[in-house]
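Here the structure is laid out as structure tokens; the discussion comes afterwards.
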């Protein structure tokens, strides 16, 4: 474990398996390998983008970091403390410092609570404010996310998707956390509203010195908001590097294919691109392919890829990749 | 214009709700040329899907109602046709694919049964002929062992495969027009690339015209020849594809393009966001529907809703302001 002060979150060897039970005595017959041995670090004040297709395990990773799902094995050091080893009151205490913004602003707000109750609840639960102070704090938080303070007596259904997502952001900020997991915070929103929320998240990061894990499948938005980017496929990280390295000099064939699949809103630039179109679908995480998990769709796969799992290695300073043949793209 | 295979004029559609009548489509006119791919872009609630559903007579009524308009297809007005006649056109000459392939396939019927139904119904094929053709269609949309997979049920296919089945079904009677309503929105990017590639290939092979409805300007850029941008139930800009992306004229289009981050972006710039929310129109507006969110809005914009004005060759925009000079056109 590095004791580097710059590192806020260090994930090592994280596994999350969901058991599958079957038969009369509910014997375990297998497991969904949702997250299968990943490791990365997030520095203080930075945004790490985590991208991948549906089923790649990116949301599970986010939840396992916050201990909303208990990892099968591995460690998550937050500010020097291993969260996996904590429980009860101690874990609850740590939760103040790490919050989450959810994907669906329609499902993540209780429809029977007013906005004031939603945003104020964390303050009461964690004894962070006297009941007389809560109202003032809530109004201030609503102002911070650019909503009218008078909205606090209204209910979630009275708001649009973008406004609800702002309410979710205000709730996440209530405990003054240092780390926020943003789990696809904008994918349920319309294009013109997405930009509003992303700009807000960027402003807040500067204002409160926040560290983000930004989970998304929209690679353009991840490029926009992230400092570094990790690409996940079927429970494993395929490549991790600085934003420009990933987008300009991707070394993993999956990253290359993923990038070339993104439509660019410019017909002239779009027609000049070389496209790599992957065949087939993402395999089932119940029995992932042997060796490299991407080999079944990989354009450059060879025999060795089926035999052993490529190491997630630092191929050049700060650029990690899990591929036997990454050198050929250097 | 005579060379349009589909010519829609002055289409208006409303929905009755407990809160009042919502004007979802407010006088939309456009044409579709033979073999052309037309992109229709807009955010949720802008009327893009309702426009196409109205043309095909698929608006549930009540609460929906096509108030006025014409939709001329092979010299007949689709909006005046009997349900029976319209059903013959739908699925054979004009077909449609939808966003969510799981909800548009019947879960208790095999793919084979669902694919052969239109072939028997519209083309009068026998069971054997229809199965033969269905297997061929599956091969055409890139599903291997088509013949065996005819006996599978929709849940046995992945999302991308289901959308391929939907496309096979839509193409089964060789339609002249394919209307695609956000067909790739529910899919992952790598699968989206497979599907758009497939549609491009089939378009070139079969020469059909396509109307591609989407909120994703990126998808349109790689696919369409001409684009309509919709807002608040109006077409607010219409232009050939390159023209729209190089010289967007309407402030909404400019805002929409500015609010998209680009995967090929080199410098970090703040995204241009359009403040405010899209309107819900309980009455037809007397002002420009975009005026409350527009930074160029001037007095005229609040007094009269601009019609589509000619702003360049084949380029029309519904805006009183010339955004380059900030002055009235």
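The values are calculated or read from the model by the stated rules, or taken from the named source; none is laboratory data. The structure displayed is predicted, hence computed values, not measured ones. With ideal geometry, Cβ positions are generated from the backbone for all residues, glycine too; neighbour counts draw on all protein chains shown.
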Of the residues in segment B:276-316 that are within 14 Å of chain A (Cβ to nearest Cβ), surrounded by fewer than 18 Cβ atoms within 10 Å (Cβ to Cβ) and free of Cβ contacts under 8 Å to residues at least 24 places away in the same chain, the one that is farthest from residue B:42 (Cα to Cα) is B:292
### Task
Look at residue B:138 and say whether it is surrounded by fewer than 22 Cβ atoms within 10 Å (Cβ to Cβ) and either in contact (Cβ under 8 Å) with a residue 24 or more places away in the chain or in contact with a strand residue (DSSP E or B) (Cβ under 8 Å, 6 or more places away or on another chain) (or both).
no
Over segment B:245-275, the set of residues at the interface with another protein chain (Cβ under 9 Å from one of its Cβ atoms), surrounded by 22 or more Cβ atoms within 10 Å (Cβ to Cβ) and out of contact with any helix residue (DSSP H, G or I) (no Cβ under 7 Å at 6 or more places or on another chain) is B:252
Exercise. Can you find a residue in segment A:65-77 that is crowded, with 16+ Cβ neighbours inside 10 Å, part of a helix (DSSP H, G or I) and without any contact (Cβ under 8 Å) to a residue 40 or more places away in the chain?
Worked result: no
The condition of being at the interface with another protein chain (Cβ under 10 Å from one of its Cβ atoms), assigned to a loop (DSSP other than H, G, I, E, B) and without any contact (Cβ under 8 Å) to a residue 40 or more places away in the chain holds, among B:184, B:190, only for B:184
Filter segment B:90-114 for residues that are part of a helix (DSSP H, G or I) and modelled with pLDDT of 90 or more; the one that is nearest to residue B:136 (Cα to Cα) is B:112
Evaluate the following for residue B:240: is it surrounded by fewer than 23 Cβ atoms within 10 Å (Cβ to Cβ), touching a strand residue (DSSP E or B) at 6+ places or on another chain (Cβ under 6 Å) and farther than 19 Å from residue B:49 by Cα?
yes
ask   = What do you reckon, is residue A:270 buried (at least 18 other Cβ atoms within 10 Å of the Cβ), over 24 Å from the mean Cα position of the chain (by Cα) and under 30 Å from residue A:160 (Cβ atoms)?
value = no
How many residues of segment A:245-283 are assigned to a helix (DSSP H, G or I) and within 8 Å of chain B (Cβ to nearest Cβ)? The answer is 11
Picked from segment A:180-210 (must be closer than 26 Å to residue A:93 by Cβ and more than 12 Å from the chain's Cα centre (by Cα)), the residue nearest to the other protein chains (Cβ to nearest Cβ) is A:201
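For (1) farther than 30 Å from residue A:250 by Cβ; (2) part of a loop (DSSP other than H, G, I, E, B), each residue gets a yes or a no:
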{"site": "B:235", "(1), (2)": "yes, no"}
{"site": "B:256", "(1), (2)": "no, no"}
{"site": "B:260", "(1), (2)": "no, yes"}
{"site": "B:272", "(1), (2)": "no, yes"}
Apart from one, (1) surrounded by fewer than 22 Cβ atoms within 10 Å (Cβ to Cβ); (2) part of a loop (DSSP other than H, G, I, E, B); (3) within 14 Å of another protein chain (Cβ to nearest Cβ) all hold for residue B:173; the odd one out is (3)
Residue B:44: passes all of (1) in contact with a strand residue (DSSP E or B) (Cβ under 8 Å, 6 or more places away or on another chain); (2) in a loop (DSSP other than H, G, I, E, B); (3) surrounded by 13 or more Cβ atoms within 10 Å (Cβ to Cβ) but (1)
For residue A:311, the lone unmet condition from (1) surrounded by 19 or more Cβ atoms within 10 Å (Cβ to Cβ); (2) away from chain B (no Cβ under 12 Å); (3) out of contact with any strand residue (DSSP E or B) (no Cβ under 8 Å at 6 or more places or on another chain); (4) not in a helix (DSSP H, G or I) is (1)
(1) under 30 Å from residue A:279 (Cβ atoms); (2) within 23 Å of the chain's Cα centre (by Cα) all hold for residue B:233 apart from (1)
